[in-house]
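Notes follow once the structure below has been shown.
Read the figures in this text as sums done on the coordinates, not as results from a lab. Worth saying up front: this structure is predicted, and the values here are computed from it rather than measured. Because the Cβ atoms are built from the backbone with ideal geometry, glycine has one as well, and the counts that use them run over all protein chains shown.
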Amino acid sequence: MRAALGWVGIEDAGLVARRVTGTIWGATLTDARFGELSLGNLHARLAPLPLLAGRARIVLAGPGDGAAAAARVGERQPARVRRR
């Protein structure tokens, strides 16, 4: 998952984590931060279908609060993060 996060450019957008554990398809980001904002532990999931079009989509969610964010990247668009 760390490789997928790097490819999407999410670290360049300011998201960092103390530790990433799991697979490329699903992982836990421990002590995640977005700039100075502490996000705690997040769950990350790589969506497989956009990969067929040469794009990547990673969905980030916090534990039990229903909030989620998605990060996408494609050949013609810069990395972006949006709240869902």
> Near ARG2, within a Cβ-to-Cβ distance under 13 Å, what is the net charge of the other residues, with Lys and Arg +1 and Asp and Glu -1?
Replying inline: +1
> Once Rh is set to the Kirkwood radius over Cα pairs, what Stokes-Einstein translational diffusion coefficient, in µm²/s, holds for segment 17-62 at a temperature of 37 °C and a viscosity of 0.692 mPa s?
Replying inline: 293
> What is the sum of charges around SER38, taking Lys and Arg as +1, Asp and Glu as -1, for the other residues whose C-beta is under 13 Å from the C-beta of SER38?
Replying inline: 0
> Once both labels are modelled 7 Å past Cα along the beta-carbon direction, what's the ALA13-ALA47 spacing in nm?
Replying inline: 1.2
